[in-house]
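Novice: Below are the structure tokens for one structure; questions will follow.
Nothing in this text is a laboratory measurement; each read-out follows from the coordinates by a stated rule. Given the structure is predicted, the values throughout are model-derived calculations rather than measurements. For neighbour counting, all protein chains shown are included, and Cβ atoms are generated from backbone atoms with ideal geometry for every residue, glycine included.
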Amino acid sequence: MKIAFVTSECVPYVKTGGLADVAGSLPKALVKKGCDVKVFLPFYDSIDPKTHELQIAIELLDLAVQIGSKTVKFNVWYGKLPGSKAEVYFIDCPVYYHRGSVYTNDANEDERFILLQHAVLLILQHYHWAPDILHCNDWQTALLPAYLKVLYNWDQLFHNTATLFSIHNIAYQGRFPPDSAFQAGLSVNDTYPGGPLESNASFSFLKAGIVYSDVISTVSQTYAHEIQTPAYGAGMEGPLASRVSDLFGILNGIDDEDWNPRKDRLIKYRFSEKSLYNKKKNKQALLGRTHLSFDEQIPVLGIVSRLTKQKGLDLLLPVFDEMMQLPLQIVALGSGDAKLEHFFQQAAASYPDKFEASIGFNNELAHQITAGADMFLMPSLYEPCGLNQMYSLNYGTVPIVRKTGGLADTVRDVHEFPTKGNGFTFDDPTPEALYSTIWRANAVFADKKIWRDIMKRGMAEDFSWRGSAKQYVELYKKAKARHNALK
């Protein structure tokens, strides 16, 4: 099966969030399932062609795309996804992609991703490569299903190409003024209230993907249900209701080469469920790089997170002083909201023997916190999938999470499921619920036998891409069947 995988970011080239991890891992897993995969993304100025052994495609120099009344030219770089036969193609147009950041608030942000999507189809046309599936991801690629059905329906190359649109976070919808539809080559007339391209009086890339794709997926089963409700649908629950039979949830996998305590080169002591004494050594090593002292009887609670409202860390503020009276230590890593950054810094100053904060992102420290902490905190208000809870389970670090999205699909509360529980969960997004759950976890930690059993259950889980890739192949078949039925 031929898969064209289109994304705005991809590990190891560029990353702002979980989409990059998916784009860097799922194609590799699909290749192992026998698929022929080509990945497409912009050539941002942060991507070094020498580092990634990329070459410029001489046969694709100065290709041209029409964006509204403008003709925009671009070039193409290509290479291989590390550790895979999957090919990667980069759309090179400095005027759009050399801006110092992946996403911007610039007035022509829409044009940046209009270019990406047209460019993908032009490259496929040039190579006469007809994908079975065009796999689109989030709003930046959501016009592609509409393009195939409206603008490129004349081209027999794509006659048998089905589309899958994956929603990684429905809160980001790519909404622009209605005349942006003209820039995209689509009809402004379709931005009428309730129209296929309209949302809140704007032209919505994401809605186009929902309306025109053959099949829609999102990154966990619970999130697939949640986004059909007003509480989580961000205004798209109505359009999704009309596609409910075509909406599926597939849990993201994790890269179990990179995030594997048995192989991890970023931690001091590698370990498995049979050598948990080395996990204790990692705890000692983690605390050794902080101001905190090691005590085997005191649990370390790890936090590795973007500091945004979505992540629910604001819930800590009202109960923080009370929580600091518990026998625990916290090691936190993150950046984002200035208020939360300040809170973390003040917490470290107020409780220097119990709280350590690092502001920013440090991949090595993220691995060391995941390996060395006893518990891992993710109190998200919503979480489409989440990866850190799966990383922590893999490392025997017991997650404390709010029961939402992919967190609900991966973490089972030890009190609700005494023989199968692998973590601690709570429902209500309140400081009181968060505090009581941390208190429960702290109490259970005192019983080392029960705690080891919980750790081992988590480490026995398989969160690799193998199972998820198999589900995607089945979903591709569903998309093909639906496409063929509607031809």
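Novice: Beyond 31 Å between alpha-carbons counts as too far, so tell me which of 28/268; 73/309; 2/420; 70/487 fall in that bin.
Specialist: Checking Cα-Cα distances, 73/309; 2/420; 70/487 exceed 31 Å.
Novice: So, one more: Out of every Cα-Cα pair in the stretch 67-114, what percent are more than 16 Å apart?
Specialist: On the way: 575 of 1128 pairs.
Roughly 51 percent, once rounded to a whole number.
Novice: Could I ask something else about it? Enumerate the residues in the stretch 112-133 having an amide nitrogen under 16 Å from the point lying 7 Å beyond the Cα of residue 58 toward its Cβ.
Specialist: none
Novice: What does the extension gain come out to for residue 85 and residue 182, with contour length at 0.36 nm per residue minus their alpha carbon separation?
Specialist: 31.2 nm
Novice: Return 69, 220 ranked ascending by Cβ neighbour count within 10 Å, so the fewest neighbours appear first. Write out the running numbers ahead of the final one.
Specialist: Details: 69 7, 220 23.
Listed from fewest to most nearby Cβ atoms, that is 69, 220.
Novice: Would you compute, from DSSP H runs of 4+ residues alone, the mean residue ellipticity of the chain at 222 nm, taking -39500 (n - 2.57) per run and dividing by the full residue count, rounded to the nearest 500?
Specialist: One gets -10500 deg cm²/dmol as the mean residue ellipticity at 222 nm.
Novice: Could you list the trypsin sites (Lys or Arg not before Pro) in the stretch 61-102 that lie in coil according to DSSP, counting only those with at most 10 other Cβ atoms within 10 Å of their Cβ?
Specialist: none
Novice: Of the DSSP beta bridges with both residues in the chain, give the percent that are antiparallel, rounding to the nearest 5.
Specialist: Rounded to the nearest five, the antiparallel share is 25 percent.
Novice: Per the Debye formula with a single identical scatterer at each Cα and no solvent contribution, what log10 I(q)/I(0) holds for the stretch 380-487 at q = 0.17, 0.23, 0.24 Å⁻¹?
Specialist: Evaluating at q = 0.17, 0.23, 0.24 Å⁻¹ gives log10 I(q)/I(0) of -0.80, -1.24, -1.31.
Novice: Provide, for q = 0.10, 0.11, 0.12, 0.20 Å⁻¹, the log10 of I(q)/I(0) from a solvent-free Debye sum over equal Cα point scatterers in the stretch 1-145.
Specialist: Normalising to I(0) and taking log10 leaves -0.30, -0.36, -0.44, -1.34.
Novice: What number results when the radius of gyration of the stretch 307-445, computed over Cα atoms, is divided by 2.2 N^0.38 Å? Can you show the working numbers first?
Specialist: Values: Rg = 14.0 Å, N = 139, 2.2 N^0.38 = 14.3 Å.
Ratio of Rg to 2.2 N^0.38 Å for the stretch 307-445: 0.98.
Novice: Place a point 7 Å from Cα of residue 153 in the direction of its Cβ. Which residues in the stretch 190-213 have their backbone N less than 17 Å from it?
Specialist: 190-191, 196-197, 208-213
Novice: Let me ask something else about it. Diagonalise the Cα gyration tensor of the stretch 216-292 and give the resulting equivalent ellipsoid semi-axes, square root of 5 times each eigenvalue, largest first, whole Å. Don't jump to the answer; show the numbers that get you there.
Specialist: Working: eigenvalues 359, 48, 17 Å².
Calculated on Cα positions only, the semi-axes equal 42, 15, 9 Å.
Novice: Can you give the Kirkwood hydrodynamic radius of the stretch 106-260 from its Cα pairs, in Å with one decimal?
Specialist: Working: mean 1/r = 0.0622 Å⁻¹.
It is 16.1 Å.
Novice: A further question on this structure: In Å, the Kirkwood hydrodynamic radius of the stretch 230-376 over pairs of distinct alpha carbons?
Specialist: Across the stretch 230-376, the inverse of the average 1/r is 17.4 Å.
Novice: List the GluC sites (Glu not before Pro) within the stretch 249-302 that DSSP assigns to loop and that have no more than 15 neighbouring Cβ atoms inside 10 Å.
Specialist: Within the stretch 249-302, the qualifying GluC sites (Glu not before Pro) (loop, at most 15 other Cβ atoms within 10 Å) are 257, 296.
Novice: Still on this structure: Fewest first, what order do 320, 376 take by the number of other Cβ atoms within 10 Å?
Specialist: 320, 376
Novice: Subtract the Cα-Cα distance of residue 364 and residue 453 from 0.36 nm times their separation in residues, and report this length gain in nm to one decimal.
Specialist: Full extension from residue 364 to residue 453 adds 29.3 nm.
Novice: I would also like to ask the following. Can you give the Kirkwood hydrodynamic radius of the chain from its Cα pairs, in Å with one decimal?
Specialist: Averaging 1/r across every pair of different Cα atoms and inverting gives 23.6 Å.
Novice: In percent, how large is the relative contact order of the chain, given Cα pairs closer than 8 Å and 6 or more residues apart? It would help to have the intermediate numbers written out before the result.
Specialist: Working: 974 pairs, mean separation 62.4, N = 487.
Computed value for the chain: 13 percent relative contact order.
Novice: What is the order of 72, 414, 401, fewest Cβ neighbours within 10 Å to most?
Specialist: The most exposed by this proxy come first: 72, 414, 401.
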